[in-house]
1. As I understand it, the value is the acute angle between the Cα axis of helix 89-104 and the longest principal axis of the Cα atoms of the chain; what does it come to in degrees, rounded to 10?
2. Give, rounded to the nearest 20 debye, the magnitude of the charge dipole that the chain has about its Cα centre when Lys and Arg contribute +1 at Cβ and Asp and Glu contribute -1 at Cβ.
3. What is the fewest-to-most order of Ser77, Ser33 by other Cβ atoms lying within 10 Å of their Cβ?
4. When the helices in the chain are scored as -39500 (n - 2.57) per DSSP H run of 4 or longer and the sum is shared across all residues, what 222 nm value do you end up with, to the nearest 500 deg cm²/dmol?
5. Need the C-alpha centroid separation for the range 73-97 versus the range 44-69, integer Å.
6. Sticking with the crude label model, points 7 Å out along Cα→Cβ, report the distance from Thr86 to Val47 in nm, one decimal please.
7. Please sort by residue number the trypsin sites (Lys or Arg not before Pro) in the range 2-108 whose DSSP state is loop and whose Cβ has at most 13 other Cβ atoms within 10 Å.
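Each reported figure results from applying straightforward, stated rules to the coordinates on display, with no laboratory input. Just so you know, these numbers come straight off a predicted model, no measurement behind them. No Cβ is skipped: glycine too gets one built from the backbone with ideal geometry, and neighbour counts run over all protein chains shown.
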Amino acid sequence: MESTSRPTRAYLSFLAVALAFFVVPGIVGAALSGNTATVTMLVLLPVMALALGMLDGRLFRYTLSFPLIAAFMFWLSTKVYYNTGTWIYAVEVVLLAWLGSWLTGRKA
């Protein structure tokens, strides 16, 4: 039976989520004008969610817990950076992170 505990390196995906959802929007917002920053984040959000899911799938395995945690972290970042209605994008984060994890993760 395979162990379900994460190896230490697998926690890097959580650090990547924190950077993606808390640091990247701040940098984009500071570097670009309002409309350009909005469009940039609308493009980056799905790309980051899919890539982060793929990273976690590769480092650990296919799981639903990572996409849910990633969506929660995105939801927290909406309180800092985004308008009140943008919480709905957390659904996109769950689905794309799950897809990325499914594509690259080894099945338990």
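1. The answer is roughly 40 degrees.
2. Rounded to the nearest 20 debye, it is 280 debye.
3. Details: Ser77 21, Ser33 8.
Taking fewest neighbouring Cβ atoms as first place, the list is Ser33, Ser77.
4. On the way: 5 runs with 74 residues, N = 108.
Taking each H run of at least 4 residues, the total per residue is -22500 deg cm²/dmol.
5. Distance between centres, Cα-based: 15 Å.
6. 1.7
7. Counting only loop positions with at most 13 other Cβ atoms within 10 Å, the trypsin sites (Lys or Arg not before Pro) in the range 2-108 are Arg106, Lys107.
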